[in-house]
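See below for the structure under consideration.
The values are calculated or read from the model by the stated rules, or taken from the named source; none is laboratory data. A quick note: this is a predicted structure, and the numbers were derived from the prediction, not measured. FYI the Cβ positions are ideal-geometry reconstructions off the backbone, even for glycines, and counts take in every protein chain you see. We work out accessible area using only protein heavy atoms, side chains counted, and drop any ligands, DNA or RNA first. Shrake-Rupley method; radii C 1.70, N 1.55, O 1.52, S 1.80 Å.
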Amino acid sequence: MKTIGYAATSCDAPLKPFSFERREPRNNDVVIEILYCGVCHSDLHQVRNDWHGTVYPIVPGHEIVGRVIATGPDVKKFRKGDLAAIGCMVDSCQNCDQCNAGQEQYCRQENTQTYNSPDRINGQNTLGGYSKHILAREEFVLHVPETLDLSRVAPLLCAGITTYSPLRNWNVGPGKRVGVIGLGGLGHMAVKLAAGMGAEVTVISRSDKKRADAFKLGAHKYLVSADDAAMHQTANHFDVIIDTVPYQHDLNPYTPLLDIDGTLVIVGQIGPLAETSSIPMVMGRRRIAGSLIGGIAETQEMLDFCGKKNILPDCEMIRMDEINEAFVRLEKGDVHYRFVIDMSSLAKE
Ligand SMILES: [Zn+2]
Ligand SMILES: [Zn+2]
């Protein structure tokens, strides 16, 4: 099927309008007209080939919401006209222990990512949500609660689930003390979701600059990591710390903030960290862990949770032709807190 979008043709080329052919819908596919797509930091990394292995042309985008415009004859859970969403994955083996446990993100044969990943049947490189249409097998398509403001839902599909999954896995709820390091796209969702689950939430930041924003987002406390006395006073405090810092950094100031058996979960940086002392881990059975997005059933649970609690990201709406400027601002951390592309702007070009 023919569609249009925005693509980069090399690691130093800007994103430009791109007409392309998606595969013809299969019997189990849901075809979606995309209304909004969030702009994730991974999109920028993949366009620039920061993680190597980018296949060009690349159409990024894995925070996708829209309406179903067609369904294959075997599709059971979706009908034309339904709201629908797609996140970071469009397929997996559906057969291994991880897939069977609803943890498709850890599929033993690797999940198929929404963009820059070979399709499991025809081997073609997948192309993402910076486009007018997308299609995927129904197991990887999510229902969007009708009550939510659709223009703000898209970032839940990556930033939302990436923070929701570790909060659920480490049993965050009333009485739990959660720290959030970094207040960007992921961090601001971690604050909203943990507060929505009833936990006591502390934003941990280098300076005092984000204090007012943190409280506005629902945090209960604010800790300045450059303030040694305050850091010392907060030792042994947290059950869980969600670390959203997206570059190499030093965990040593943070691990002593965990209570005995507490866990610091890395969801931002994928790669090296500064050398880490094992003392807090050995002396208090504390843990450093990582977490990757979430499974499909858990993503649906997160969307339903956000629907019930009316939890949505803070978004800045852009037109498709503003994406290159948005990337520059994203790199500087100059966004409150997620760019969302209004895809109706693409149709008008
Ligand atoms: Zn993402
Ligand atoms: Zn699998």
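Taking the inverse of the average 1/r across all pairs of different Cα atoms in the chain, what Kirkwood radius in Å do you get?
So the Kirkwood estimate lands at 20.6 Å.
Along the stretch 4-10, what does the Karplus equation 6.51 cos²θ - 1.76 cosθ + 1.60 (θ = phi - 60°) give for ³J(HN,Hα), rounded to whole Hz, x for Gly and Pro?
Running phi through 6.51 cos²θ - 1.76 cosθ + 1.60 with θ = phi - 60° gives 10, x, 10, 9, 10, 9, 7 Hz.
What list of ³J(HN,Hα) couplings, whole Hz, do you get for the stretch 65-82 from phi and the Karplus terms 6.51, -1.76, 1.60, once you set θ to phi - 60° and write x for glycine and proline?
Here the 3J(HN,Hα) series is 10, x, 10, 6, 10, 6, 9, x, x, 8, 6, 10, 9, 10, 10, 3, x, 5 Hz.
Tell me, what % of the accessible area of the stretch 98-220 is carbon and sulfur with a 1.4 angstrom probe?
Taking all protein chains in place, the stretch 98-220 shows 46 percent carbon and sulfur surface.
Could you state the number of Å between the C-alpha centres of the stretch 139-200 and the stretch 39-69?
Using only Cα atoms, the two centres lie 21 Å from each other.
Over the stretch 1-70, what percent of the accessible surface lies on carbon and sulfur atoms, probe 1.4 Å?
Solvent-exposed carbon and sulfur of the stretch 1-70 make up 56 percent of the total.
Pull out a ≥ b ≥ c, the square roots of the eigenvalues of the alpha-carbon gyration tensor of the stretch 1-114, then state rounded if a/c is under 1.5, prolate if not and a/b is larger than b/c, and oblate in the remaining case.
Since a/c reaches 1.5 but b/c is at least a/b, the shape of the stretch 1-114 is classed as oblate.
For MET302, what is the net charge nearby, where nearby means another residue's Cβ is under 12 Å from its Cβ and Lys, Arg count +1, Asp, Glu -1?
+1
Rounded to the nearest 10 Å², what accessible area does SER151 have for a 1.4 Å probe in the complete protein model?
Its accessible surface works out to 20 Å², give or take rounding.
Using the Kyte-Doolittle scale, which helices in the chain average at least 0.0 and also have C-alpha atoms spread 15 Å or more along the helix axis, with helices defined as whole DSSP H runs?
Taking the DSSP H segments of the chain (at least 15 Å long, mean hydropathy at least 0.0), we get 185-196.
Amide H to amide H, which residues 5 or more places from THR263 or on other chains are under 5 Å from it, using H placed in the peptide plane?
Sorted by chain and number, the residues that satisfy this are VAL240, ILE241, ARG287.
Charges on Cβ only, +1 for Lys and Arg, -1 for Asp and Glu, centred on the Cα centroid of the chain; of VAL47, ASN171, ILE341, which one is farthest towards the dipole's positive end?
Value computed over the given set: ASN171.
For the stretch 193-349, count the residues as N, evaluate 2.2 N^0.38 Å, and divide the Cα radius of gyration by that value, please.
1.21
Select from GLY160, GLY290, GLY38 the residue whose mean-square fluctuation is largest in a Gaussian network model of the chain (Cα-Cα springs shorter than 10 Å).
It is GLY290.
Per residue, how many Å² of accessible area does the chain show with a 1.4 Å probe?
For the chain, the per-residue accessible area is 44 Å².
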